[in-house]
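Each reported figure results from applying straightforward, stated rules to the coordinates on display, with no laboratory input. Note that the structure is a prediction, hence the values are computed from the model and not measured. Cβ: placed from backbone, ideal geometry, glycine included. Neighbour counts: every protein chain shown.
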Amino acid sequence: MSGQIYKELKLYADPTRAKHSLRFFKCGKGQYGEGDLFLGITVPQLRKTAKKYFQDISFEPVQELLESVYHEHRLLGLLFLVYKFDRSTEKEQAKIYRFYKKNIRRINNWDLVDVTTPRIVGEYLWDHVGERKILKRWTTAKNMWERRIAVLATFAFIKRGRFQESFDIAKALLQDPEDLLHKAVGWMLREVGKRDQVVLEKFLLERGAHMPRTTLRYAIERFDEKKRKEYLLLK
């Protein structure tokens with residue numbers, strides 16, 4: 001099956017799009033995606049391939065994809081895990097979650113995190129309260145992608161009306177140096193506000209003056225103009 005999958009991916013590859021992706025995902029020297037390589041395959045094309053083969057795919061070819069130097073290979077491997085997780089038993093989901101954790105260093109760009117973490121890590125942690133302590137470890141990790149995984153995992157909680165983990169992580173990352181973390185935290189706070197703006201505003205009144213401006217802007221994006229200006233004055 002692996003050969004068939006790679007053959008299909010080769011048909012989708014677009015060198016022009018690949019060059020654009022190198023710029024879009026900041027792959028230059030010293031940038032967050034330094035060293036990443038691209039084939040120029042779109043996410044819809046990867047999703048199409050993942051949906052076609054996920055039921056029969058095993059961990060071994062997924063591992064091979066995750067170890068690839070090509071960004072799209074890693075994303076495809078993670079999409080296989082997402083689709084399998086959605087349709088698996090509790091026991092199988094535990095295996096997928098552990099496999100995801102084992103390969104966490106290969107989940108090394110914002111799209112790889114954002115497309116997969118809420119639907120695997122977030123869903124698993126929602127059902128396994130005792131495992132949620134790992135969020136603290138990821139929040140304090142040196143690796144910025146692990147910190148982003150901690151943030152995005154709480155999306156599954158937010159969707160169910162539980163916000164405490166998102167607020168705890170937001171407070172822990174107030175002084176984080178990475179803009180991609182500022183954006184991720186602001187995004188999750190905005191999602192909280194969609195469900196309960198009163199709760200979000202209470203948090204912002206307590207912490208807004210101390211958070212990065214990017215985080216605050218993302219968090220208040222859905223507020224009316226007058227209220228947005230009021231909160232921006234906190235900075």
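Here is how the number arises for the chain: DSSP H runs of 4 or more residues each give -39500 (n - 2.57), the sum is divided by the residue count, and the result at 222 nm is -19000 deg cm²/dmol.
The magnitude of the dipole of the chain, with charges of +1 and -1 set on the Cβ of Lys/Arg and Asp/Glu and taken from the Cα centre, is near 300 debye. Per the Debye formula on identical point scatterers at the alpha carbon atoms of segment 110-209, with no solvent, log10 I(q)/I(0) at q = 0.19, 0.20 Å⁻¹ is -0.87, -0.97. Scanning residues 5 or more positions from residue 37 or on other chains, those with amide H under 5 Å from its amide H are 71, with H placed 1.01 Å from N in the peptide plane. Taking 30 Å as the straight-line reach from the Cα of residue 48, the lysines in range (excluding those fewer than 8 positions away in the same chain) are 7, 10, 19, 26, 84, 91, 95, 101, 102, 159, 183. Scalar couplings 3J(HN,Hα) for segment 136-144, obtained by applying the Karplus form with A = 6.51, B = -1.76, C = 1.60 to θ = phi - 60°, are 5, 5, 5, 4, 9, 5, 5, 6, 5 Hz; x denotes Gly and Pro. The simple Förster model, with R0 at 30 Å and r as the Cβ-Cβ distance, assigns residue 88 and residue 13 a FRET efficiency of 0.50. Can you tell me how segment 18-72 classifies by the Cα gyration tensor, rounded, prolate or oblate, using a/c under 1.5 as the rounded cut? Oblate.
Here the Karplus relation 6.51 cos²θ - 1.76 cosθ + 1.60, evaluated at θ = phi - 60°, turns the backbone of segment 154-168 into coupling constants of 6, 4, 4, 6, 4, 4, 9, x, 10, 10, 4, 4, 5, 5, 4 Hz, with x for every Gly and Pro.
Scaling the Cα radius of gyration of segment 1-99 by the globular reference 2.2 N^0.38 Å produces a ratio of 1.13. Lys and Arg at +1, Asp and Glu at -1: add these up for the other residues within a Cβ distance under 9 Å of residue 214 and post the number. Net charge around residue 214: +2.
Partners of residue 202 within straight-line reach, counting aspartates and glutamates whose Cα lies under 17 Å from its Cα and excluding those fewer than 8 residues away in the same chain: 165, 168, 191, 221, 224, 230. Would you mind pulling out the separation of the Cα centroids of segment 114-160 and segment 39-65, in Å? With segment 114-160 and segment 39-65 each reduced to a Cα centre, they are spaced 23 Å.
Computed from phi, the 3J(HN,Hα) profile of segment 52-60 under the Karplus parametrisation 6.51, -1.76, 1.60 (θ = phi - 60°) reads 6, 10, 4, 5, 9, 7, 10, 5, 4 Hz, with x in place of Gly and Pro. Rounded, prolate or oblate: which fits segment 67-128 when a ≥ b ≥ c are the square roots of the eigenvalues of the alpha-carbon gyration tensor, with rounded for a/c under 1.5 and prolate only if a/b beats b/c? Taking the square roots of the gyration eigenvalues as a ≥ b ≥ c, segment 67-128 is prolate. In the chain, the longest principal axis of the Cα atoms and the axis of helix 179-195 are about 70 degrees apart.
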